[in-house]
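What follows is one structure encoded as C-alpha coordinates, with my remarks underneath.
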Amino acid sequence: MKNNFYRFQEPAPSEITPQSIATARRQFLQQLAIGTMTASSLSHSAWAENTSSTKPLSARPNMIYTAKDKPTSFTDATTYNNFYEFGMDKSDPAVTAKSLKTHPWTVQIDGEIKKPLTLDVDSLLKLAPLEERLYRLRCVEGWSMVIPWVGFSFSELIRKIEPTGNAKYVEFTTLADPKQMPGVGSRVLNWPYTEGLRIDEANHPLTMLVMGMYGQTLTNQNGAPVRIIVPWKYGFKSAKSLVRIRFTEKPPITAWNRSAPEEYGFYANVNPEVDHPRWSQATERRIGEDGLFNKKRATMMFNGYPEVASLYSGMNLRKFY
Ligand code: MTE
(Lines give C-alpha, C1' and ligand atoms only; values in the text may rest on other atoms or scores of the structure.)
Protein backbone atom coordinates (compact mmCIF):
# COMPACT_ATOMS: atom_id res chain seq x y z
CA MET A 1 0.00 0.00 0.00
CA LYS A 2 1.25 3.43 -0.85
CA ASN A 3 2.22 5.39 2.21
CA ASN A 4 0.64 8.78 1.78
CA PHE A 5 2.26 10.10 4.90
CA TYR A 6 4.72 12.25 3.00
CA ARG A 7 2.27 13.12 0.24
CA PHE A 8 3.05 16.77 -0.22
CA GLN A 9 2.46 19.06 -3.10
CA GLU A 10 5.97 19.76 -4.22
CA PRO A 11 6.59 23.51 -4.23
CA ALA A 12 10.05 24.80 -5.05
CA PRO A 13 11.95 25.28 -1.79
CA SER A 14 12.11 29.04 -2.47
CA GLU A 15 8.30 29.19 -2.57
CA ILE A 16 7.80 27.70 0.85
CA THR A 17 6.65 30.15 3.45
CA PRO A 18 6.19 28.16 6.59
CA GLN A 19 2.52 28.18 7.43
CA SER A 20 3.39 29.07 10.99
CA ILE A 21 5.33 32.21 10.10
CA ALA A 22 2.36 33.39 8.09
CA THR A 23 -0.07 32.52 10.89
CA ALA A 24 2.01 34.06 13.63
CA ARG A 25 2.57 37.22 11.60
CA ARG A 26 -1.11 37.46 10.78
CA GLN A 27 -2.05 37.03 14.43
CA PHE A 28 0.52 39.60 15.44
CA LEU A 29 -0.86 42.13 12.97
CA GLN A 30 -4.46 41.32 13.89
CA GLN A 31 -3.71 41.75 17.56
CA LEU A 32 -2.11 45.09 16.83
CA ALA A 33 -5.01 46.17 14.63
CA ILE A 34 -7.76 45.34 17.11
CA GLY A 35 -5.75 46.68 19.99
CA THR A 36 -5.72 43.49 22.06
CA MET A 37 -1.96 43.54 22.29
CA THR A 38 -1.33 45.26 25.58
CA ALA A 39 1.61 47.41 26.48
CA SER A 40 3.06 44.55 28.45
CA SER A 41 2.70 42.03 25.65
CA LEU A 42 4.27 44.53 23.31
CA SER A 43 7.20 44.97 25.64
CA HIS A 44 7.43 41.17 25.70
CA SER A 45 7.16 41.46 21.94
CA ALA A 46 7.18 38.07 20.30
CA TRP A 47 9.44 39.19 17.54
CA ALA A 48 11.84 41.35 19.44
CA GLU A 49 12.52 39.72 22.77
CA ASN A 50 11.44 36.11 22.46
CA THR A 51 13.25 35.46 19.23
CA SER A 52 16.58 37.08 20.02
CA SER A 53 18.52 33.83 19.81
CA THR A 54 16.46 32.05 17.14
CA LYS A 55 17.01 31.69 13.42
CA PRO A 56 14.51 31.04 10.62
CA LEU A 57 13.94 27.35 9.98
CA SER A 58 11.82 26.51 6.99
CA ALA A 59 10.00 23.25 6.61
CA ARG A 60 7.30 21.70 4.47
CA PRO A 61 3.89 21.69 6.10
CA ASN A 62 2.73 18.15 6.77
CA MET A 63 -0.90 18.38 5.72
CA ILE A 64 -1.81 15.06 7.35
CA TYR A 65 -0.60 16.21 10.73
CA THR A 66 -2.14 19.65 10.83
CA ALA A 67 -4.65 19.92 13.66
CA LYS A 68 -7.82 21.82 12.78
CA ASP A 69 -7.46 23.92 15.92
CA LYS A 70 -6.44 27.55 15.90
CA PRO A 71 -2.72 27.88 16.68
CA THR A 72 -1.76 29.37 20.01
CA SER A 73 -0.15 32.78 19.64
CA PHE A 74 3.63 32.82 19.56
CA THR A 75 3.63 35.14 22.56
CA ASP A 76 1.60 32.70 24.68
CA ALA A 77 3.66 29.71 23.54
CA THR A 78 6.89 31.44 24.54
CA THR A 79 5.87 33.11 27.80
CA TYR A 80 3.73 30.42 29.45
CA ASN A 81 6.15 27.54 29.92
CA ASN A 82 6.98 24.63 32.14
CA PHE A 83 10.75 24.23 32.32
CA TYR A 84 11.59 23.70 35.96
CA GLU A 85 15.33 23.98 35.38
CA PHE A 86 14.54 27.67 34.84
CA GLY A 87 12.05 28.25 37.64
CA MET A 88 8.63 27.16 38.84
CA ASP A 89 6.49 30.00 37.52
CA LYS A 90 5.13 29.80 33.99
CA SER A 91 6.67 33.19 33.23
CA ASP A 92 10.15 32.31 34.61
CA PRO A 93 11.68 30.39 31.67
CA ALA A 94 11.11 33.23 29.17
CA VAL A 95 13.32 35.39 31.36
CA THR A 96 15.83 33.03 32.98
CA ALA A 97 16.45 30.72 30.00
CA LYS A 98 17.84 33.57 27.94
CA SER A 99 21.35 32.77 29.11
CA LEU A 100 21.21 29.08 28.10
CA LYS A 101 24.08 28.41 25.72
CA THR A 102 22.69 26.23 22.93
CA HIS A 103 25.70 26.29 20.65
CA PRO A 104 27.81 24.19 20.47
CA TRP A 105 25.46 21.39 21.58
CA THR A 106 25.69 17.66 21.12
CA VAL A 107 23.36 14.76 21.78
CA GLN A 108 24.83 11.42 22.82
CA ILE A 109 23.00 8.45 21.32
CA ASP A 110 23.86 5.12 22.87
CA GLY A 111 22.70 2.00 24.68
CA GLU A 112 21.22 -0.89 22.72
CA ILE A 113 22.28 0.31 19.26
CA LYS A 114 24.80 -1.01 16.78
CA LYS A 115 26.93 2.14 16.55
CA PRO A 116 26.75 4.58 19.47
CA LEU A 117 27.43 8.12 18.30
CA THR A 118 27.34 11.77 19.28
CA LEU A 119 25.62 14.20 16.95
CA ASP A 120 25.71 17.98 16.91
CA VAL A 121 22.53 19.90 16.19
CA ASP A 122 23.53 20.72 12.60
CA SER A 123 23.85 17.01 11.87
CA LEU A 124 20.52 16.32 13.56
CA LEU A 125 18.89 18.96 11.37
CA LYS A 126 20.20 17.18 8.28
CA LEU A 127 19.08 13.72 9.30
CA ALA A 128 15.70 13.94 7.55
CA PRO A 129 13.60 16.54 5.70
CA LEU A 130 12.12 19.05 8.10
CA GLU A 131 8.36 19.16 8.44
CA GLU A 132 6.00 21.55 10.12
CA ARG A 133 3.14 19.95 12.04
CA LEU A 134 0.42 21.63 14.03
CA TYR A 135 0.08 19.57 17.20
CA ARG A 136 -1.90 19.92 20.37
CA LEU A 137 0.08 19.61 23.58
CA ARG A 138 -1.79 19.02 26.84
CA CYS A 139 -0.29 19.47 30.26
CA VAL A 140 -1.40 17.29 33.16
CA GLU A 141 -2.17 20.55 34.98
CA GLY A 142 -5.23 20.89 32.71
CA TRP A 143 -4.24 23.44 30.07
CA SER A 144 -3.42 22.92 26.42
CA MET A 145 -1.81 24.70 23.47
CA VAL A 146 -1.65 24.20 19.71
CA ILE A 147 1.84 24.74 18.34
CA PRO A 148 3.39 24.49 14.88
CA TRP A 149 6.46 22.38 15.61
CA VAL A 150 9.35 21.92 13.15
CA GLY A 151 11.26 18.64 13.03
CA PHE A 152 10.65 15.11 11.82
CA SER A 153 9.43 11.76 13.06
CA PHE A 154 11.71 10.34 15.72
CA SER A 155 11.44 7.06 13.79
CA GLU A 156 13.79 8.60 11.19
CA LEU A 157 16.52 8.73 13.82
CA ILE A 158 15.73 5.20 15.05
CA ARG A 159 16.01 3.92 11.49
CA LYS A 160 19.46 5.49 11.05
CA ILE A 161 21.02 4.31 14.30
CA GLU A 162 19.96 0.65 14.02
CA PRO A 163 18.83 -0.48 17.48
CA THR A 164 19.72 -4.01 18.56
CA GLY A 165 17.00 -6.59 19.24
CA ASN A 166 17.28 -5.73 22.95
CA ALA A 167 16.13 -2.13 22.48
CA LYS A 168 12.69 -2.13 24.08
CA TYR A 169 12.60 1.43 25.47
CA VAL A 170 14.12 4.85 24.85
CA GLU A 171 15.35 7.11 27.63
CA PHE A 172 15.63 10.88 27.10
CA THR A 173 17.99 12.86 29.34
CA THR A 174 18.02 16.64 29.35
CA LEU A 175 20.70 19.15 30.34
CA ALA A 176 21.15 19.81 34.06
CA ASP A 177 23.77 22.53 34.41
CA PRO A 178 23.42 24.46 37.67
CA LYS A 179 25.65 27.22 36.27
CA GLN A 180 23.16 27.99 33.53
CA MET A 181 19.94 26.72 35.06
CA PRO A 182 18.91 28.36 38.32
CA GLY A 183 16.17 25.78 39.01
CA VAL A 184 18.55 22.82 39.04
CA GLY A 185 19.44 23.65 42.65
CA SER A 186 15.82 23.10 43.69
CA ARG A 187 14.53 19.85 45.14
CA VAL A 188 11.42 19.72 42.99
CA LEU A 189 12.90 16.91 40.89
CA ASN A 190 15.88 14.65 41.04
CA TRP A 191 17.95 16.15 38.20
CA PRO A 192 18.59 15.62 35.37
CA TYR A 193 15.07 15.58 33.94
CA THR A 194 14.62 12.19 32.31
CA GLU A 195 11.73 10.73 30.38
CA GLY A 196 11.06 7.52 28.52
CA LEU A 197 8.96 5.82 25.87
CA ARG A 198 8.41 2.24 24.84
CA ILE A 199 10.17 1.63 21.52
CA ASP A 200 6.90 1.28 19.59
CA GLU A 201 5.67 4.58 21.04
CA ALA A 202 8.98 6.19 20.04
CA ASN A 203 8.65 4.68 16.57
CA HIS A 204 5.10 5.93 16.03
CA PRO A 205 5.19 8.50 13.20
CA LEU A 206 3.48 11.09 15.44
CA THR A 207 6.44 11.13 17.86
CA MET A 208 8.58 14.02 16.76
CA LEU A 209 12.16 15.15 17.24
CA VAL A 210 11.73 18.91 17.32
CA MET A 211 14.26 21.61 16.53
CA GLY A 212 11.91 24.51 15.80
CA MET A 213 8.52 26.14 16.17
CA TYR A 214 6.67 28.88 14.28
CA GLY A 215 9.12 28.69 11.39
CA GLN A 216 12.21 29.29 13.47
CA THR A 217 14.59 27.41 15.74
CA LEU A 218 13.27 26.67 19.23
CA THR A 219 13.38 29.44 21.78
CA ASN A 220 15.38 28.49 24.85
CA GLN A 221 12.28 28.41 27.04
CA ASN A 222 10.66 25.89 24.69
CA GLY A 223 13.60 23.48 24.85
CA ALA A 224 16.30 24.67 22.47
CA PRO A 225 18.09 23.33 20.64
CA VAL A 226 16.31 19.96 20.46
CA ARG A 227 13.40 18.29 22.26
CA ILE A 228 10.90 15.52 21.85
CA ILE A 229 7.15 16.02 21.30
CA VAL A 230 4.69 13.20 21.93
CA PRO A 231 1.30 14.73 21.12
CA TRP A 232 -0.99 12.08 22.66
CA LYS A 233 0.71 12.23 26.05
CA TYR A 234 0.73 14.79 28.80
CA GLY A 235 3.25 17.54 28.14
CA PHE A 236 5.68 16.29 30.76
CA LYS A 237 6.64 13.39 28.47
CA SER A 238 7.95 15.96 25.96
CA ALA A 239 11.45 16.51 27.36
CA LYS A 240 13.31 19.71 26.48
CA SER A 241 16.97 20.47 25.69
CA LEU A 242 18.02 16.85 25.16
CA VAL A 243 21.63 15.80 25.71
CA ARG A 244 21.28 12.04 25.60
CA ILE A 245 19.06 9.45 23.93
CA ARG A 246 19.64 5.95 25.27
CA PHE A 247 18.04 2.75 24.02
CA THR A 248 17.42 0.30 26.84
CA GLU A 249 16.12 -3.17 27.51
CA LYS A 250 14.42 -2.22 30.79
CA PRO A 251 11.91 0.60 31.32
CA PRO A 252 13.86 3.77 32.15
CA ILE A 253 13.14 5.54 35.43
CA THR A 254 11.61 8.89 34.64
CA ALA A 255 12.07 12.00 36.75
CA TRP A 256 8.36 12.58 37.41
CA ASN A 257 7.69 8.93 38.05
CA ARG A 258 10.49 8.85 40.59
CA SER A 259 9.30 11.97 42.39
CA ALA A 260 5.56 11.12 42.48
CA PRO A 261 4.81 7.65 41.07
CA GLU A 262 1.14 7.74 42.07
CA GLU A 263 0.63 10.97 40.10
CA TYR A 264 2.80 10.60 36.99
CA GLY A 265 2.80 7.14 35.49
CA PHE A 266 5.23 5.93 32.83
CA TYR A 267 2.57 5.87 30.08
CA ALA A 268 1.02 9.26 30.85
CA ASN A 269 -1.44 9.06 27.97
CA VAL A 270 -3.95 11.86 27.82
CA ASN A 271 -6.96 10.06 29.25
CA PRO A 272 -9.99 12.04 30.40
CA GLU A 273 -11.34 8.93 32.15
CA VAL A 274 -8.45 8.57 34.59
CA ASP A 275 -8.31 11.35 37.13
CA HIS A 276 -5.06 12.70 38.46
CA PRO A 277 -5.17 11.85 42.21
CA ARG A 278 -5.70 15.52 43.02
CA TRP A 279 -7.95 16.71 40.18
CA SER A 280 -10.12 15.61 37.27
CA GLN A 281 -8.64 15.25 33.79
CA ALA A 282 -11.98 15.47 31.97
CA THR A 283 -11.57 19.05 30.74
CA GLU A 284 -8.87 21.50 29.75
CA ARG A 285 -8.31 25.21 29.37
CA ARG A 286 -6.93 26.22 25.98
CA ILE A 287 -4.33 28.91 26.55
CA GLY A 288 -5.46 32.09 24.79
CA GLU A 289 -9.14 31.22 25.23
CA ASP A 290 -9.39 32.54 28.76
CA GLY A 291 -12.24 34.87 29.51
CA LEU A 292 -15.62 35.02 31.10
CA PHE A 293 -17.54 33.39 28.26
CA ASN A 294 -15.07 30.74 27.23
CA LYS A 295 -15.96 27.33 28.56
CA LYS A 296 -13.33 24.74 29.30
CA ARG A 297 -12.98 22.14 26.55
CA ALA A 298 -13.72 18.46 27.01
CA THR A 299 -10.42 16.58 26.87
CA MET A 300 -10.22 13.97 24.13
CA MET A 301 -8.91 10.44 24.59
CA PHE A 302 -5.26 10.31 23.48
CA ASN A 303 -5.55 14.07 23.08
CA GLY A 304 -7.55 13.50 19.89
CA TYR A 305 -5.01 11.15 18.23
CA PRO A 306 -7.04 7.91 18.09
CA GLU A 307 -4.54 6.32 15.71
CA VAL A 308 -2.29 5.51 18.68
CA ALA A 309 -4.93 3.40 20.46
CA SER A 310 -3.59 0.16 18.95
CA LEU A 311 -0.31 0.68 20.83
CA TYR A 312 -2.21 0.01 24.03
CA SER A 313 -4.68 -2.68 23.00
CA GLY A 314 -5.18 -5.17 25.80
CA MET A 315 -3.66 -2.86 28.40
CA ASN A 316 -5.68 -1.61 31.34
CA LEU A 317 -5.08 2.13 31.03
CA ARG A 318 -6.28 2.73 34.57
CA LYS A 319 -3.52 0.54 35.89
CA PHE A 320 -0.91 1.61 33.34
CA TYR A 321 -1.62 5.35 33.52
N1 MTE B 1 11.60 19.31 29.96
C2 MTE B 1 12.50 19.69 30.89
N3 MTE B 1 13.80 19.46 30.65
N4 MTE B 1 12.13 20.29 32.04
C5 MTE B 1 10.81 20.52 32.33
O6 MTE B 1 10.49 21.06 33.41
N7 MTE B 1 8.47 20.32 31.59
C8 MTE B 1 7.56 19.46 30.84
C9 MTE B 1 7.94 19.36 29.36
N10 MTE B 1 9.38 19.18 29.21
C11 MTE B 1 9.83 20.13 31.38
C12 MTE B 1 10.27 19.54 30.17
C13 MTE B 1 6.17 19.90 30.97
S14 MTE B 1 5.43 19.63 32.48
C15 MTE B 1 5.48 20.45 29.94
S16 MTE B 1 3.80 20.77 30.08
C17 MTE B 1 6.14 20.80 28.66
O18 MTE B 1 7.54 20.57 28.69
C19 MTE B 1 5.90 22.26 28.34
O20 MTE B 1 6.44 22.60 27.08
P21 MTE B 1 6.31 24.08 26.53
O22 MTE B 1 6.79 25.02 27.60
O23 MTE B 1 7.15 24.15 25.29
O24 MTE B 1 4.85 24.32 26.24
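Points worth noting:
- Any hit, segment 103-116, residues being within 30 Å of HIS276 (Cα to Cα) and either open to solvent by less than 60 Å² (accessible area, probe 1.4 Å) or modelled with pLDDT of 95 or more (or both): no
- Taken over segment 172-195, the criterion of being out of contact with any helix residue (DSSP H, G or I) (no Cβ under 7 Å at 6 or more places or on another chain) and more than 13 Å from the ligand (Cβ to nearest atom) is satisfied by LYS179, GLY185, ARG187.
- Filtered by the rule that a residue be of a type outside the set (Phe, Trp, Tyr) and within 14 Å of ALA224 (Cα to Cα), segment 70-94 gives ALA77, THR78, ASN81, ASN82, GLU85, PRO93, ALA94.
- In the set (1) in contact (Cβ under 8 Å) with a residue 60 or more places away in the chain; (2) part of a helix (DSSP H, G or I); (3) within 16 Å of the ligand (Cβ to nearest atom), the condition left unmet by ASN257 is number (1).
- Against the criterion of being under 25 Å from TYR264 (Cβ atoms) and within 15 Å of the chain's Cα centre (by Cα), THR174 qualifies.
- The one condition in (1) surrounded by fewer than 17 Cβ atoms within 10 Å (Cβ to Cβ); (2) within 21 Å of the chain's Cα centre (by Cα); (3) assigned to a loop (DSSP other than H, G, I, E, B); (4) not hydroxyl-bearing (Ser, Thr, Tyr) that LYS295 fails to fulfil: (2)
- Selection of segment 111-153 for residues being part of a loop (DSSP other than H, G, I, E, B) and either of a type outside the set (A, V, I, L, M, F, W, C) or in contact with a helix residue (DSSP H, G or I) (Cβ under 9 Å, 6 or more places away or on another chain) (or both) yields GLU112, LYS114, LYS115, PRO116, LEU127, ALA128, PRO129, CYS139, VAL140, GLU141, GLY142.
- Candidates GLY223, GLY235 - the one that is out of contact with any strand residue (DSSP E or B) (no Cβ under 7 Å at 6 or more places or on another chain) and either under 20 Å from THR118 (Cβ atoms) or near the ligand (Cβ under 9 Å from one of its atoms) (or both): GLY223
- Taken over segment 117-143, residues that are surrounded by fewer than 21 Cβ atoms within 10 Å (Cβ to Cβ) and among the hydroxyl-bearing types (Ser, Thr, Tyr) amount to 2.
- For segment 58-95, a residue qualifies if it is open to solvent by 50 Å² or more (accessible area, probe 1.4 Å) and not acidic (Asp, Glu), and the qualifying residues are SER58, ARG60, MET63, ILE64, LYS68, LYS70, TYR80, MET88, SER91, VAL95.
- Checking SER280, SER310 one by one, the residue that is under 26 Å from THR79 (Cα atoms) and exposed (fewer than 15 other Cβ atoms within 10 Å of the Cβ) is SER280 and no other.
The values are calculated or read from the model by the stated rules, or taken from the named source; none is laboratory data. Bear in mind that the values here come from a model prediction, so they are computed numbers and not experimental data. Glycine gets a Cβ as well: all are built from the backbone with ideal geometry, and neighbour counts include every protein chain shown. These area figures cover heavy atoms from the full protein model, side chains too; ligands, DNA and RNA do not enter into them. Shrake-Rupley method; radii C 1.70, N 1.55, O 1.52, S 1.80 Å.
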